[in-house]
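Take a look at the structure set out below.
The values are calculated or read from the model by the stated rules, or taken from the named source; none is laboratory data. Given the structure is predicted, the values throughout are model-derived calculations rather than measurements. Cβ coordinates were reconstructed from backbone atoms using ideal geometry, including for glycine residues, and neighbour counts include every protein chain displayed.
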Amino acid sequence: MTAALANIRVLDFGRYIAGPYCATLLADMGAEVIRIERREGSEDRYLIPVTDQGEGASFIGLNRNKKGITLDPAHPDSAEIKRRLIASADVVVANLPINVLRKLGLDYESLKAIKPDIILTMVSAFGSTGPYANRVGFDSVVQAMSGAMSLTGFAPTPTRSIVPFEDFGTALHSAFGTMVALFHRQQTGEGQMVEGSLLSTGILLMQSLLAERHVTGIVREQRGNTSFHTAPADVFQTSDGWLMVQVVSNPIFARWAKLVGRPELIDDPRCSDDLARGDNYELINDAMITWAKQRTTAEAIAQLETARVPCGPVYDLESTLHDPQIQARELLKYLEYPGSPKPVPVAEQPVRLSATPAEIRHRAPTLGEHTDEILGGLGFTDDEIAAFRLAGII
């Protein structure tokens, strides 16, 4: 079976999550992705360490299927290596501010001068224009600036999500844009710049709440785990744990009300629709609290599932690893990695294609693992490669 992106070469100058995971999505679909790191290793290589050399769980998971080389792109004598790499590539992925890209010669105009049909997928915190174009930022900064943190958690402290959704959302959109650019190039022969930013993703994800605030003037305040727009939609304590229940729509609410022994709520004007139920969540949550505490988590979930009410247990991480659905679907693949005392669980790509499926073919590279191989493939001799290494270029 030929992979969908076979014969596509991607240079990954990314770091942390948004850029690297964008490139990983392409690698999973068969692209040859070359991860380019500083000689001492990129910052993200050592986050959440799990090996005896300090490599991190995030790096191992987000850089599978890639080859790895070391290169100092700011070194004055690195120009010929960059030129040959760029000339050999179809896509360059870089998540750096625009002024840094220009300094390194990785901006679109510089790339296009070497390879006219190149695609640059540029990921940054705030975008390439506007007053914040050259500012740096992380996922949590954009969670704060998008308004998400002001409505997450319990008052009075703004709270970030432990899940870096701005990063992963930006990676997904950037990979989508890259695929569109590749399709356009196939039709026209033209390259282009694809631009994603964490702030753009953050505004997208907060759009409905921003629109509600602007149009209706409603001021929302933190409610912890409780939804603003429907109920019950919260976590509830059982006799032996916690479960999440989310009721949306009148039919599901009617089934829930009968299950918990409160059928009179179906015709109660305070529960007439999702928004009314969200406004009167205390009334509804009280009924759910009483019902849940009289049952174990397993008993409650069994009854809710029979009534076709969406629910699930609140797992700790160990329970997630052993969930039978996660195991049956093989959502985690366990990869050996040098220096790790155990195989490292790496998440499979969530989207499954029947004809050209994604595949985890091999582990993430060790630092500079494929440097000689890649440079040799670009026509550099062993002596030239040794000289580059001696000069601190690679």
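The residue list Leu332, Leu283 contains one member that is within 30 Å of Ala347 (Cβ to Cβ) and surrounded by 12 or more Cβ atoms within 10 Å (Cβ to Cβ), which is Leu332.
For the stretch 329-354, enumerate the residues that are under 21 Å from Leu172 (Cβ atoms) and of a type in the set (A, V, I, L, M). Selection gives Leu331, Leu332, Val346, Ala347, Val351, Leu353.
Please verify whether the stretch 159-173 includes one or more residues that are closer than 30 Å to Tyr315 by Cα, surrounded by 12 or more Cβ atoms within 10 Å (Cβ to Cβ) and touching a His at 6+ places or on another chain (Cβ under 7 Å). Checked the stretch 159-173: no residue is closer than 30 Å to Tyr315 by Cα, surrounded by 12 or more Cβ atoms within 10 Å (Cβ to Cβ) and touching a His at 6+ places or on another chain (Cβ under 7 Å).
A quick yes/no check of all residues on (1) farther than 26 Å from Ser227 by Cβ; (2) outside any helix (DSSP H, G or I):
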position	(1), (2)
Ala298	no, no
Ala302	no, no
Glu305	no, no
Arg308	no, yes
Lys333	yes, yes
Lys342	yes, yes
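Exactly one residue out of Ala133, Ala74, Ala148, Ala144 is aliphatic (A, V, I, L, M), closer than 14 Å to Leu199 by Cβ and at pLDDT below 95: that is Ala133.
From the list Ser227, Ser208, the lone residue that is of a type in the set (Gly, Ala, Ser) and surrounded by fewer than 13 Cβ atoms within 10 Å (Cβ to Cβ) is Ser208.
Within the stretch 73-84, is there a residue that is closer than 22 Å to Ile360 by Cα and of a type in the set (D, E, K, R)?
Looking for residues that are closer than 22 Å to Ile360 by Cα and of a type in the set (D, E, K, R), one finds none in the stretch 73-84, hence no.
Applying the condition of being touching a Pro at 6+ places or on another chain (Cβ under 8 Å) and of a type in the set (Phe, Trp, Tyr) to the stretch 216-267 and asking which residue is farthest from Asn280 (Cα to Cα) yields Trp242. When you scan the stretch 127-134, do you find a residue that is more than 20 Å from Cys22 (Cβ to Cβ), in contact with a helix residue (DSSP H, G or I) (Cβ under 6 Å, 6 or more places away or on another chain) and either in a helix (DSSP H, G or I) or of a type outside the set (D, E, K, R) (or both), even just one? Yes, because at least one residue in the stretch 127-134 is more than 20 Å from Cys22 (Cβ to Cβ), in contact with a helix residue (DSSP H, G or I) (Cβ under 6 Å, 6 or more places away or on another chain) and either in a helix (DSSP H, G or I) or of a type outside the set (D, E, K, R) (or both). Candidates are the residues of the stretch 303-329 that are aliphatic (A, V, I, L, M) and surrounded by 13 or more Cβ atoms within 10 Å (Cβ to Cβ); the one that is nearest to Val351 (Cα to Cα) is Ile326. Among the candidates Thr356, Thr366, the residue that is in contact (Cβ under 8 Å) with a residue 60 or more places away in the chain, out of contact with any Pro (no Cβ under 9 Å at 6 or more places or on another chain), of a type in the set (S, T, N, Q) and on the phi < 0 side of the Ramachandran plot is uniquely Thr356. Exactly one residue out of Leu210, Leu204 is over 17 Å from Ile119 (Cα atoms) and either in contact with a Gly (Cβ under 7 Å, 6 or more places away or on another chain) or of a type in the set (Asp, Glu) (or both): that is Leu210. Screening Ala355 on (1) at pLDDT below 95; (2) closer than 30 Å to Ala57 by Cβ shows it passes everything except condition (2).
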